[in-house]
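The values are calculated or read from the model by the stated rules, or taken from the named source; none is laboratory data. In this text the structure is predicted, and so the values were computed from the model without any measurement. Positions of Cβ are backbone-derived with ideal geometry, glycine not excepted, and every protein chain shown enters the neighbour counts. Note: areas computed on protein heavy atoms with side chains; ligands, DNA, RNA excluded. Shrake-Rupley method; radii C 1.70, N 1.55, O 1.52, S 1.80 Å.
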Amino acid sequence: MRVSLATVTAVAVMAGVSTSAGAAEQDHDHAHDGPGHANGSAPKASPMAPAASAVAQPRGKTAAQRKAELIQDPRRLDPGTMSRRADLLAQAEGELAQGNAQAAEKTLDRAAGMLHAADTEMGLVRAYMQAGDYRRALSFAAHTAGAHPEDISGLGLYAWLLHLGGQPAVARQLLDQTLAQVRPPQREAPSVRLLTEVSQRLQAQQLALDGTLLQPPMRLAPMPHGAVPVGQARVAGAAWLLPDGQHALLPLAAMPLDAPGTRLWLRNGLGRTVQATPEKAFPDIGLRLVHLREPLADPKDEAMAALWQVPLRDAFPGTPAVVMSHAHSVQPHAAWPLLSVGFLGAPVPAPAFEAASAPPTMNASSIQLAPQPAPQPVPVSWRRLGIPLPEGQGAGPVLDMSGRLLGLAVPVPDGAQLVVPISRLRQVVGERFGQVASEPTGQRQPVDQLYEGLLRATLQAIVAPPLN
């Protein structure tokens, strides 16, 4: 099975990105032909530009020539070299499991110097993701997808990252075109079977992972580290980290008021997991404030502060927006969040989250009819989410295309997702919402840049029943 570089490039062009072959050649040389990549010489990805540039046809060499070089690489025949390389790959996986992405990157660079191979590159993609560098990971995943015809599972990792980062159509096109080229005798090859499973998952929008898709080297999720949820834990949706780094908001649907003693963990998109305890509930907006036992961010971090730029006024219906979400799952597996793109929906009345308590039982003779007050108009201040989400996704923060927080999407009793507008959040939660950006920046951010910023702040809410 050989992946067509022209196919990958053509699909990447659909995303509106550059196809500079020279950039791809330079990135490849720095990353794999010597120690330079370990010293930081690999180019930093620019917003949305990396995909095609990393997979464009390299200058002076055809795909067949590169495949022949790979097969003839004499280092594959050296048992000592291959044994040391396998040890380095195992070491890097251990470093990722400990949350040390920088050490894993250096270890994988050493392995890359021994052999240009897809498994090393997929490890590097995951190390970049675990360091919070989505754009760099996307760029390098594109290179891996096009440069390794002997193992097309790297293309599955690339398509998964495209889908999560708001480009599902591009991911679908890439997978469809690649699998259409597979001849019948090749369909049982391990990498083809993995790619087929990725395609089926994305087509069915089943983002809660298990089995082979969580196994290295293609693993489609961060490595969890830090606190360990108990065996009964499940992922109940998404939460949102507040700017102090030590508090978060999560929907009451994930941790209801009538379930005292529920145990809670929060995990960011880098895989770091901490325990949390409830602090205060806000039933009228369907949210709960919780306290993290260990901070997940430094409040002085400029990247975190940038996520808390909020407008003075609520956004109008039809405003272009993105929402981050996490899939519900019966297993507390780590996952990268999903970014979905669309438009803010129509105004709706504020919903009722908590039913009134039942009155005490009374006999007929004791009932006295009291005058009923006239019904009061319900203020129209909330918004429909307006952005379609896969079934089972628990939504979180909603941002405009310049990166300002418009509100939080929460599930309501009828199963829909509504957006608590920023004015209501500030009114209820108060000073925890940080600084207000009174004027829009006027600059539209690429969706991959928005995704990278939200990766640290959109959390999995993991819950378990109380101890008996």
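Worth a mention:
- Taking 0.36 nm per residue of separation and subtracting the Cα-Cα distance, full extension of the segment from residue 384 to residue 443 would add 18.7 nm.
- Ranked packing of 222-232, 151-161, most packed first, by mean Cβ within 10 Å: 151-161, 222-232
- Length added when fully stretched, residue 131-residue 402, from 0.36 nm per residue minus Cα-Cα: 95.2 nm
- Approximate spin-label separation residue 103-residue 78, in nm, with each point projected 7 Å along Cα-to-Cβ: 2.7 nm
- Residue order by solvent-accessible surface for 140, 343 is 343, 140, largest first, with ligands and nucleic acids left out and a 1.4 Å probe.
- Only protein heavy atoms count here; on that basis, with a 1.4 Å probe, residue 234 has an accessible area of about 100 Å².
- Rounded FRET efficiency, nearest 0.05, which uses the C-beta distance separating residue 312 from residue 203 and R0 of 45 Å: 0.60
- Accessible area in the full protein assembly, largest first, 1.4 Å probe, for 114, 129: 114, 129
- Count Lys and Arg as plus one, Asp and Glu as minus one, and take only other residues whose Cβ is under 14 Å from that of residue 156; the net charge is then 0.
- The gain in end-to-end length when the residue 257 to residue 423 segment is fully stretched comes to 57.4 nm, 0.36 nm per residue minus the alpha carbon separation.
- In nm, spacing of pseudo-spin labels at residue 300 and residue 215 (7 Å Cα→C-beta vector): 4.6 nm
- Part-to-part distance (alpha-carbon centres) for the range 277-344 and the range 136-154, which is given in Å: 31 Å
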